[in-house]
Number of protein chains: 2
Amino acid sequence: MPMEPNDLLAVLEDRGHRLTGPRRRVAAAIATKAESFTAEEVCGELPGVGRATVYRTIRLLVDSEVICKLALPGGEPRYTPARATYHHHHAVCLRCGAVEEFRDSTVERVVKAAGSDLTGQIVAHRIEFYVLCRSCMAGDAVEGKQ
Amino acid sequence: MPMEPNDLLAVLEDRGHRLTGPRRRVAAAIATKAESFTAEEVCGELPGVGRATVYRTIRLLVDSEVICKLALPGGEPRYTPARATYHHHHAVCLRCGAVEEFRDSTVERVVKAAGSDLTGQIVAHRIEFYVLCRSCMAGDAVEGKQ
DNA sequence: TCCTTGACGATACTTTGTCTCAGTAATACT
DNA sequence: AGTATTACTGAGACAAAGTATCGTCAAGGA
């Protein structure tokens, strides 16, 4: 269930950025992504739009928290549309890149609890789960373990 | 309280790697680091050792889990000696780079709890806290908020 | 419509590594 | 100890993911 390009553009406009042709095209490209994507993928799909513009627009969208930047263990950064507007975390399938958002109230409680054990004050945190999603597990079962 | 270079070297030897001069020097440089450091810092301190060798040695040490790679929000990767040999997480001071290791059994329980809510199977996770450490907070208090 | 200023594309540069390759040296073997 | 193997090394090219620069252009308010 892809998101609307207008959702992305509205956020940019709200933050006082101009709605330009290239930004509309980047937003449209991102909006088609059901799951995670890389910046270079978007560049590849929009040959008429400069690389710098694609990266600039992605950065604006990350700053606006409409898309999230994921840090996979392999090091490759991927982006994913944020379906939830509230604080949340991600479970990323290491095989297919599917992203599941989650928010567990217990997690946040634990963050607070762990914080009280630490010296210093927590200003941010990152929690990411790396998973093998259901359909990838099913695929493995069919073709046998490699 | 810096660690012993020999601790690092012993791990390499245990894993069947050779104890070479450059590796000893990289281990010695890392061992002096009380807190986190970057790969380029090590390169700068060891002009006689090739950059590739520094990175190769760091990678070996990360693979051996004697040092840990941190992913700060800014994107800059830092490394930190692992004081604990068991599974743990890190709280990194965003100002001075001080690293505090922590392991809260509650955290691990939550990981399991969150996992049961997710479709798919968790294969790994990353939990990092970004903090302002006590001495940096004290420094701020003295010089006033900027 | 005009004007200001943010945004654009092209391209050079930066950061953080990794790869290649010929030469070197740490271990194993005898 | 001497030799053989082969992992390791340094230099430098290459790669991925961005960022900075700069002259040009156009979005959107007056």
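The values are calculated or read from the model by the stated rules, or taken from the named source; none is laboratory data. Values in this document were obtained by computation on a predicted structure and should not be read as measured data. Cβ atoms come from the backbone with ideal geometry, glycine included; neighbour counts cover every protein chain shown.
Go through the range B:96-113 and count every residue that is surrounded by 15 or more Cβ atoms within 10 Å (Cβ to Cβ) and under 26 Å from residue B:43 (Cα atoms).
Qualifying residue count for the region: 5.
Which of (1) within 13 Å of the chain's Cα centre (by Cα); (2) closer than 26 Å to residue B:68 by Cβ; (3) within 16 Å of DNA strand D (Cβ to nearest atom) is the odd one out, the single condition residue A:33 does not satisfy?
(2)
Determine whether the range B:63-73 contains at least one residue that is within 13 Å of DNA strand D (Cβ to nearest atom) and farther than 26 Å from residue A:123 by Cβ.
yes
Residue pairs, Cβ under 8 Å, 6 or more apart or interchain, first in the range B:4-29 and away from DNA strand D (no atom under 13 Å from the Cβ), second at pLDDT 95 or above and of a type in the set (Lys, Arg). List them.
From the range B:4-29, the pairs are B:5/B:24.
In the range B:37-56, which residues are closer than 18 Å to residue B:80 by Cβ and within 10 Å of DNA strand C (Cβ to nearest atom)?
Hits for the range B:37-56 are B:38, B:39, B:40, B:41, B:43, B:54, B:55.
Taking the range B:63-101 only, how many residues are in contact (Cβ under 8 Å) with a residue 40 or more places away in the chain, assigned to a loop (DSSP other than H, G, I, E, B) and either of a type outside the set (A, V, I, L, M, F, W, C) or more than 9 Å from every other protein chain (Cβ to nearest Cβ) (or both)?
Of the residues in that region, 8 qualify.
Residue by residue through the range A:127-141, note down the ones that are without any contact (Cβ under 8 Å) to a residue 24 or more places away in the chain and either acidic (Asp, Glu) or within 7 Å of another protein chain (Cβ to nearest Cβ) (or both).
Across the range A:127-141, the qualifying residues are A:134, A:137, A:140.
Name the one entry in B:28, B:71, B:10 that is aliphatic (A, V, I, L, M), within 14 Å of DNA strand C (Cβ to nearest atom) and more than 28 Å from residue B:131 (Cβ to Cβ). Spell out how you get there, then give the answer.
Numbers: B:28 fails: within 14 Å of DNA strand C (Cβ to nearest atom); B:71 fails: more than 28 Å from residue B:131 (Cβ to Cβ).
Residue meeting the stated conditions: B:10.
Got at least one residue in the range A:39-52 being in contact with a helix residue (DSSP H, G or I) (Cβ under 7 Å, 6 or more places away or on another chain), within 14 Å of DNA strand D (Cβ to nearest atom) and within 14 Å of chain B (Cβ to nearest Cβ)?
Restricting attention to the range A:39-52, the residues satisfying the condition of being in contact with a helix residue (DSSP H, G or I) (Cβ under 7 Å, 6 or more places away or on another chain) are A:39, A:42-43, A:45-46, A:49, A:51.
Adding the requirement that they be within 14 Å of DNA strand D (Cβ to nearest atom) leaves A:39, A:42-43, A:49, A:51.
Add one more test, that the residue is within 14 Å of chain B (Cβ to nearest Cβ), and what stays is A:39.
Checking the range A:39-52: at least one residue is in contact with a helix residue (DSSP H, G or I) (Cβ under 7 Å, 6 or more places away or on another chain), within 14 Å of DNA strand D (Cβ to nearest atom) and within 14 Å of chain B (Cβ to nearest Cβ).
Since residue B:124 meets every condition but one in (1) assigned to a strand (DSSP E or B); (2) within 12 Å of chain A (Cβ to nearest Cβ); (3) surrounded by 16 or more Cβ atoms within 10 Å (Cβ to Cβ), which condition does it not meet?
Residue B:124 satisfies all of (1) assigned to a strand (DSSP E or B); (2) within 12 Å of chain A (Cβ to nearest Cβ); (3) surrounded by 16 or more Cβ atoms within 10 Å (Cβ to Cβ) except (3).
Residue check: is residue B:131 touching a Cys at 6+ places or on another chain (Cβ under 9 Å), away from DNA strand C (no atom under 11 Å from the Cβ) and either of a type in the set (Val, Ile, Thr) or assigned to a strand (DSSP E or B) (or both)?
Working: touching a Cys at 6+ places or on another chain (Cβ under 9 Å): yes; away from DNA strand C (no atom under 11 Å from the Cβ): yes; either of a type in the set (Val, Ile, Thr) or assigned to a strand (DSSP E or B) (or both): yes.
Against the criterion (touching a Cys at 6+ places or on another chain (Cβ under 9 Å), away from DNA strand C (no atom under 11 Å from the Cβ) and either of a type in the set (Val, Ile, Thr) or assigned to a strand (DSSP E or B) (or both)), residue B:131 qualifies.
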